[in-house]
Amino acid sequence: MPMWEGRFSKTLDKRTNDFNSSIRFDHKMYKEDIEGSIAHAKMLAKQHIIEKDDESKIIFGLNSILKDIENGSLEFDPNAEDIHMFIEAELTKRIGQSGKKLHTARSRNDQVALDIRMYLKKQVIEIKQNLKNLIYTLLEKAKENTETIMPGYTHMQRAQPITFAHHLMAYVEMFKRDMERLTETYGRIDTCPIGSCALAGTTYNLDREFEAKELGFSKITNNSLDGVSDRDFIIELLADISIIMMHLSRISEEIILWSSWEFKFVELDDAFSTGSSIMPQKKNPDITELIRGKTGRVYGSLMGMLTVMKGTPLAYNKDMQEDKELVFDAIDTVNLSLSTIDPLIKTMTVLKENMKAAAEKGFINATDCADYLVEKGLPFRDAYKVVGNIVKYCIENNTTLEKLDLSVYKQFNPVFEQDVYQAIDLINCVNKRNIIGGPAKEQVEKQIELVEKELDILK
């Protein structure tokens, strides 16, 4: 029978119970529920709400349940309404009347709010660690490629020369911001709602600060209604995870392009590729395609949670039960994606010569040629027009800026001299951009060093 049987004369319809039950997914929080209940028992005894003997029995019983769940000797009852009721029923079965005292001055409303916050705090730490691992992998890859010239793109058109290291460091900055966002979100998750009870607190003389401290929270909620009905922290975490997945999708998209024969900038390790059932030559970037696809799934969780909460009046409503499946799935997805793409990038072969060959085409040093003319005294707009005409000439004559004879340059403007070839050399083009944030080897190495120091702080 359910814990709330007193008011009811009939048992719950089986189909209704199956629909109402959440234990198939909220069992993930068994450890947090037990930890929260132990702290609650300690507080109740401290405040003389229950006897010390009851406290001892409750803590012993809860620890034995935890042990049995983790060694596999106790299975979750699929007919239980939720993990909270399952553990309380099992506790009462084991220790008798003392087990019935545990729920004093507590509601499932503040209990579930507590459990989900405790669970998410742990998950945020894990996501941050996976992000940190990926950043270190990108840094190592960048260190190996500070002189690897490649085209930088705008509108998917070759634009200006950069290095592969500089390109990877852009993603490092994205993932750093992701870590910062998670840190800020963690601070808002780190608020203890226990003591809010159903919605209006309790008449018992609780010590909320004691219970919060026992559970590792930095503060307590200020309003009992908000304490049980707030799910902002879940929405915020889902938004953070969505942004992470967006960044993962962007780098996945690039890896998909780079590994194609049209680019052939990288070669994926066989352990992180798949083949075709009919085309023996194929080597498919399925892993990065899946990450790209799973991004939409995480976005769906965010939209789902926003939709769940948009019409719920204060305080707790059963709608909020939907929060767990959405956030649990998003967490599992982002952690799996991060831990999968990390070794994929680590083992990926960079085809440096192919990158350089692509950079040598497409006139990506045209801006540098214009800057050369500016240094000779021409206004930039005039220089831009001159170089535009030179590029047009090269296209019509199937040549490049590097191969163009000086005499031809002088036909377009007499200020051109032999030093133009040094100005448009791709390596020089990159290393001349020696400003903070630029692609020059010196600057990229400084960026890498700075990030390594920052990672020690971003814990």
(request) Have a look at the DSSP beta bridges in the chain and tell me what percent are antiparallel, nearest 5. (result) 80 percent
(message) Test of understanding: extend the Cα→C-beta vector of Lys346 to 7 Å, then name every residue of the stretch 140-168 with backbone N under 13 Å from that spot.
(response) 140-141
(message) Compute the helix-to-body angle for 366-375: its Cα long axis versus the longest principal axis of the chain, expressed 0 to 90° and rounded to tens.
(response) 60 degrees
(message) With a cut-off of 8 Å between alpha carbons and a minimum separation of six or more residues, what is the relative contact order of the stretch 39-190 in percent?
(response) 17 percent
(request) Return the FRET efficiency for the residue pair Asp319, Glu180: r is the Cβ-Cβ distance, R0 is 41 Å, and the value is rounded to the nearest 0.05. (result) 0.85
(message) Need the C-alpha centroid separation for the stretch 187-235 versus the stretch 118-146, integer Å.
(response) 31 Å
(request) Show me 405-414, 121-130, 21-30 ranked by packing, highest mean number of other Cβ atoms within 10 Å first. (result) 21-30, 121-130, 405-414
(message) Order these by the 10 Å Cβ neighbour count, fewest first: Glu140, Glu396.
(response) Glu396, Glu140
(request) Could you list, in their original order, any pairs among Lys57/Lys213; Lys122/Lys219; Lys264/Lys446 whose Cα atoms are separated by more than 19 Å? (result) Lys57/Lys213; Lys264/Lys446
(message) At a threshold of 8 angstrom on Cα-Cα distance, excluding pairs fewer than six apart, so keeping six or more, what relative contact order does the stretch 362-454 reach in percent?
(response) 23 percent
(message) On the Cα set of the stretch 362-454, report Rg and Dmax in Å, please.
(response) 15.7, 52
(message) How high is the relative contact order of the chain? Use alpha-carbon pairs under 8 Å, at least six apart in sequence, and give a whole percent.
(response) 16 percent
(message) Please list, by residue number, everything in the stretch 136-162 whose backbone N is under 20 Å from a paramagnetic label point 7 Å out along Cα→Cβ of Ile427.
(response) 142-152, 160-162
(request) Could you tally the net charge around Glu147, taking each other residue with its Cβ under 12 Å from the Cβ of Glu147, Lys/Arg +1 and Asp/Glu -1? (result) +1
(message) Given all pairs of different Cα atoms, what value in angstroms does the Kirkwood hydrodynamic radius of the stretch 87-241 take?
(response) 19.0 Å
(message) I need the peptides 247-260, 368-381 ranked by packing, meaning the mean over residues of other C-beta atoms within 10 angstrom, with the highest value on top.
(response) 247-260, 368-381
(message) At 222 nm, what value in deg cm²/dmol follows for the chain if DSSP H runs of at least 4 each add -39500 (n - 2.57) and the sum is divided by all its residues, to the nearest 500?
(response) -20000 deg cm²/dmol
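All of the numbers you see were taken from the coordinates with simple rules; none came from a lab. Keep in mind it's a predicted model, so treat the numbers as computed, not measured. For neighbour counting, all protein chains shown are included, and Cβ atoms are generated from backbone atoms with ideal geometry for every residue, glycine included.
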